[in-house]
Structures are given as structure tokens and as C-alpha cells.
1. Tell me which residues, restricted to region 292-310, are buried (at least 19 other Cβ atoms within 10 Å of the Cβ), within 16 Å of ligand 2 (Cβ to nearest atom) and not aliphatic (A, V, I, L, M).
2. Against the condition more than 30 Å from E216 (Cα to Cα), assigned to a loop (DSSP other than H, G, I, E, B) and assigned by TED's automatic domain parsing to the domain that holds V215, how does D304 come out, does it pass?
3. Would you be able to tell me the number of residues in region 276-301 that are part of a loop (DSSP other than H, G, I, E, B) and under 30 Å from T368 (Cα atoms)?
4. I'd like the residue in region 352-371 that is hydrophobic (A, V, I, L, M, F, W, C) and either at positive phi or in contact with a helix residue (DSSP H, G or I) (Cβ under 6 Å, 6 or more places away or on another chain) (or both) and, out of all such residues, is nearest to ligand 1 (Cβ to nearest atom).
5. Just give me the residues in region 317-351 being within 15 Å of ligand 2 (Cβ to nearest atom), assigned to a loop (DSSP other than H, G, I, E, B) and in contact with a helix residue (DSSP H, G or I) (Cβ under 6 Å, 6 or more places away or on another chain), in sequence order.
6. Filtering region 608-648 down to residues that are in a loop (DSSP other than H, G, I, E, B) and of a type in the set (D, E, K, R), which residue is nearest to ligand 1 (Cβ to nearest atom)?
7. Given the residues V523, V477, which is the only one that is over 31 Å from the mean Cα position of the chain (by Cα) and farther than 28 Å from G400 by Cα?
8. Mind listing whichever residues of region 205-247 are modelled with pLDDT of 95 or more, among the aliphatic types (A, V, I, L, M) and either more than 23 Å from R150 (Cβ to Cβ) or surrounded by fewer than 23 Cβ atoms within 10 Å (Cβ to Cβ) (or both)?
Amino acid sequence: MMNVNRYAVLFEPVQIGPLIARNRFYQVPHCSGLGHLRPQAEAAMRAMKAEGGWAVVANQETEIHPSSDLSPASEHRLWDERDIPALRLMTDAVREKGALSAIELVHNGNHSPNLLTRAPVLAPSDMSIDSLYPKQARAMDKEDIREFRRWHRSAAQRAVDAGFDIIYVYAGHRMTLTQHFLLPEYNNRTDEYGGSLENRARLIRELLEDTREVVEGHCAVAMRFAVEEKRGKQGMQAQEEGRAVVEMLAELPDIWDVNISDWSNDSATTRFEPDDGYQNEYIKFVKDVTTKPVVAVGRLTSPDMMVAMVEKGIVDFIGAARPSIADPFLPSKIAEGRIDEIRECIGCNICVSSDSLGIPIRCTQNPTMGEEWRRGWHPEKIEPKGSEEEALVIGAGPAGLECTMQLAKRGYKVTLAEGSDELGGRALRESRLLGLNAWQRVADNRIYDLKQRANVQLFLESRLDANQVAELDIANVFIATGARWRKDGVGRSARKPLIPAPDMILLTPDDIMSGIFPDNGPVLIYDDDQSYIGGVIAEHLAARNLEIIFVTPAGVVSPWTTHTLEQARVHASLIEHGVDIRTSHMLSKAGAGECEVTCVYSGRQKTIKCRSVVLVTERQRNNSLHNTLLAMRHSGELPGVKTLELIGDAAAPGLIADAVYDGHMAARNFEMDPAHAASQIYRREIPSLELI
Ligand code: ADP
Ligand code: SF4
């Protein structure tokens, strides 16, 4: 039995201005792709965190005025009083579950392109806007600054009216006007808002004072501030101006929420920042400079590290965005000593990708994230079983493990058969590649759970064929047999197979993950998948001192990773590893000792000497077992099988997050009548036709 008292310090109440937070767990603001377009989903998602034990639950950045319009991204919006009811949904729901709610007011300055409102874009100085749209921001004059302060004050008042307890002033992520004023690179003004640090920080001071006045001591005022930019002398440094700003404004806010900038540094992935608590070295000075409570983040999932951070005086609150997404019940699990049940964030940033894609948030570890309202899913609760029938799950990758776990939680007796000698499928295989070690947590969490359950039987080295499935005669069969990488070059850019010369060695990511490596170089990696795996394999092989040529039809290396905030790092890492990068080229021939590549624009061909090729193009579904079983069922050979469902990568190869989600959905919904299921996909938030 775990000694729960070991973590008692995490459950002490802490004062924030006029308020008391019930413990030290603080969900800092994070984007969700729900926002003003999906306010009911947003409210339900935030309320789930409150139910899971977080003392403070913040919303996401909330635009204060039409000149800060992030469309088509769906953040929150508080342009006028008509936006209050949508936000009140959240504050009511969060309060009902015993937590304080916080709102992150923002003006995004030149980071907001104002594509919906077509309002002028504002900045400290004339400059291009921060997105690829041919438009420039204009320098704010004194009247603009007065107006801006008025907008912020009015928004703060509306936030009070919407029921928020904590109101933010936000200068971080290189995305906010206040931070732009602070950075000399953005601010070349010669008036009292430019020049000295005191002048550049003036606007932040004014907003803090204005907000204090508006809330009149009834709400707390939070300052979210990026103390460091990780750009050396070119940017803000924690020990230079970062510290000076905190010193200057030390006692003005009721709480300091500190982090590092830009977003890719703040929400660093485990691939590039493997250690939890990676922001501590930058933010640790803050508590020495202010008497106000401090909250900070850094993918904090280990309760021991949390305790150490509080006891060493680094923070007062354990801040979390991603750990609270992966496990909304993290505080409750620690409180109850259920440490092994924590679903640890793997630091993959699939949640982040939802924001740039403008879609509801999703998470690799937590398939219920973003589904609280529209599907009514709860991360810790599931409907009890609908019958006494048993279930058979074939394949123990992310889809099979999740499906088995949820079926078992529902009370079904489940048999899980895995063909190989290990549980985990691609989560385990991919975790063996350089930088992806933390992905193993997808398997670990589920295997731990399954091993506690008496109603689950796990069989390794049990590659089932259709006759064996028929003999088992189990009513509900879920086939999660995964997918394998193609070896014929077919992919996005080529629908016809490549015919290689007989002595050219062709490999796939599956070979590399199984430990089959090219003997020596040069190795040509052909990435037509264009997600993350091609870049990972290039790093993995380059780290073995192989000479690597990376060829991709894309214009940049691993373009998908832009959405996970990694693309620039991937490209830099390949350069660091000495990889020869050739973008905008297709692989057209794999000859004897050399390959021919063709420019996707000009059709010009080049020859590249290489001894082997790793083809990262497309995956083929392992669906033959399913096809055979379907045929048998059709001819009446499987009388006892009621459900025959193909799930995960075997149904549609995608992200690990998609496979987990699919396994989860199957376990929840398989008893639904298909006609009913189709009409009940999920609840939708349909815009009102009322004229307002
Ligand atoms: P997913 O991402 O959909 O979970 P994976 O490729 O990660 O898919 O996992 C599929 C798993 O299924 C692998 O561990 C593989 O060994 C296993 N498998 C494939 N075919 C069979 C089979 N016929 N019987 C049992 N296990 C199988
Ligand atoms: Fe963590 Fe990945 Fe989930 Fe985001 S999607 S919370 S990074 S596990």
C-alpha cells in the first residue's frame, strides 16, 4: 500500500489573492480547438478536470477584441457581452465540481491575422504579420494604446460577469501584444512605451493595474509570463531581462504563471526534451523575487518530482496542460495513492496539432479527451456490460490493448491473443527508435491495468488463424492486427510499384524497428509518408554513423511535424546529424548501387549513389484474418460469432492516437444497433439562427 502522506504537501490549500485554491494542482490555460465554436464541449472538458481534482482550471486564450481575431482557429472570445453566456457554461460547470476557474485574456497583436474581421493588425512597430498572409501590422499610436487598455478593462469586467475567479494578463509564447512590446526586436518605439525595459514593460504594468481596479479585490489577477526564449542574447533570457521584469512587477499580480517561449519551447515534445521538469532551470528564480504564489509547467507527471519542486521552493502550484489532458484525474489518483494508474503524457503533441488544424482536441493517451460533451465519454467511467457473452481481442497493439481494457472495465470476460512475444504492438516497436522512448507509456499504462484484472486472459505467441478463432467460438471478436510498411514504394506520390534492381537492398521502418539495419552506407531514406517516422529513422540510422541521404517529395522535412511544433527541430537535427537532405524529389528508380530521383516540379532527374533504400511510404493493413472470418460468417461457418469488428490500424492506418480511439470506441459502442449507431454519431453544436 502506497504511503499517501508522502504527497500530502500537494494537497495543502494555497491562497491566491482573495481566493483559496483547494490544493496545488493548477491546470494552466491550454488550447483545445473547442473554444467559441464549441462552448458546450469546452465547458464539459474543463469540468472534467475539476471533477478529477484540479484546484484551478483555466480556459484558453480569450480574444478581447475583433482586432485580435485568430480565425479560423477556435480559441475563446470575449469581444462583447454577447460572448458571456458561452463562457458562463464553463465557470458554472467548474465551480460545481469545486474548482476555481481562470480566464486568459489576450490581444494577439501581429500574431492575429484578423482574417474574419478584416480589422487592422496592431503591433508596437510597423512589421509583417506573424502568419503567411501578405499583410502588415501597423504601429500603435497613443490613441490605439489607450483604446487597447480600454478593451482589456472591458474584457476583464465581462470576465468577472461571466463568473471567472482568476483573470490573466498574458505575455508569452511570442503570441501576445504585451510580450511584443517587451521584446526590442518587435519594439523600436521612441516614446514612453519603447527603449528602456521599464518603458517596454509599461503596458504590462498598466494592464495589471487596470485589471486590479476592475476586479476590486473580488477576483485574483494572474500574470502569465515567458521568462526565457532560448534564443541566447537575441531573445529574452531568464537571468537577464526575464528576471528584471519579474523584479519590476513582483507584487502586482496575485499569482505568477511562468514558462518559456515560444510555444515549441513551452510544449516541447519528449523527442527533443525527454526530461519532465525541463523548464525548472529557467523559472526557478521567480520565487526568490516575489512573495506571490508561483505556478510552472514542464510535463509534470511524477508525484515525487512535484513534491520535490514544492519542497525546494521552486513552485507553489504544479502547473499542467498536457498531463491534465492525458489524465484529467491525475490529482485524484495521487490523493488516493493510485500512482500506477496515472495515464502519463507521452509528450507527442497530438493535442497541440488539434489547435493548428482547427479541430477538437484529441490525445494519444486519453481517447475521451474532447469527447466529454459530444459523446458523453468519461475518462474513468464506462457503461457496465450489456450481456454475459465473452470477447476475444486479436492483436495487442494500442487498439487491441485499449479495447481489451475498456471491455474488461465493463465487466466482460476478455481473451487477448497476441502473435508476437510482447504486448504493445507499434507503441512498443516505435518506442525503440531514437527519441520515442516515452511512447512506451501507451502500452505500459494499459498492460498494468490488464494485469490487475481477473476477467482478462493474456496469451502471447498466439498468432490466431480463422479456424482457431472459429474453434474458440467467442461471441464478440475484435480484430486489431495492425498494419505493416509497404516495400514496393507505393505512397502519396506514386501509385505504381517501384521495380528495384535485384542487388539493391530495400528496407522499411518495420525492419529498422526489428533491429534489421543496413550494413553500411550510403543509405537513401525515401520519405513519402511525410509524417514523423521518416525523420526519426534518419536520426536513428545517422546516430549509428551511417551516411544518410534523405529524399522526400515534400518541400520540407517531415511536414506533418509542423502541427506538433517539431518541424524546425527535426530539420535542424538532421543537419546536425550530417544527413544530406534532398526535398521536392521523388524516388523514380532503385538501380544497381544507385537511385534515380526526379524533381517534383521540373521533372529533372538526378542519380544518387547508395547501397540500400529505406522506403517510408505507406502502410498495408493486416486484414486477411478479418476477410477470411467475414467470408466464413457469410457462409454460415461462424454461428456463434455475433460481433466481428476490425479496429485500429488494421481498419485504417493512422496515428497511435487514432488506433487507441478506435479501440476505445469499439469497446463502448459494439452493442449498438448499426442503424442506430449511424444516426447517433455524436451531438453537435449548431449555430443559433437568432439575430444578435
Ligand atoms: P494497432 O495500432 O492497430 O493497435 P499494431 O500494429 O500496433 O496495431 O498491433 C497489431 C498487433 O497485432 C501486433 O502486435 C501483431 O503482432 C498482432 N497480430 C497481428 N496478427 C495477429 C494474429 N493473427 N493473431 C494475434 N496477433 C496478431
Ligand atoms: Fe500528452 Fe500526447 Fe496526450 Fe498531448 S496528445 S497530452 S502530448 S499524450
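1. The answer is G298, R299, T301.
2. No, not satisfied.
3. 9
4. C363
5. P328, I342, R343, E344, C345, I346, G347
6. Once the filter is applied, the top-ranked residue is E618.
7. The unique qualifying residue is V523.
8. L208, V214, V215, A226, V227, A244, V245, V246
The values are calculated or read from the model by the stated rules, or taken from the named source; none is laboratory data. Since this is a predicted model, take the numbers as computed values, not measurements. Neighbour counts run over all protein chains shown; Cβ positions are idealised from the backbone, glycine included.
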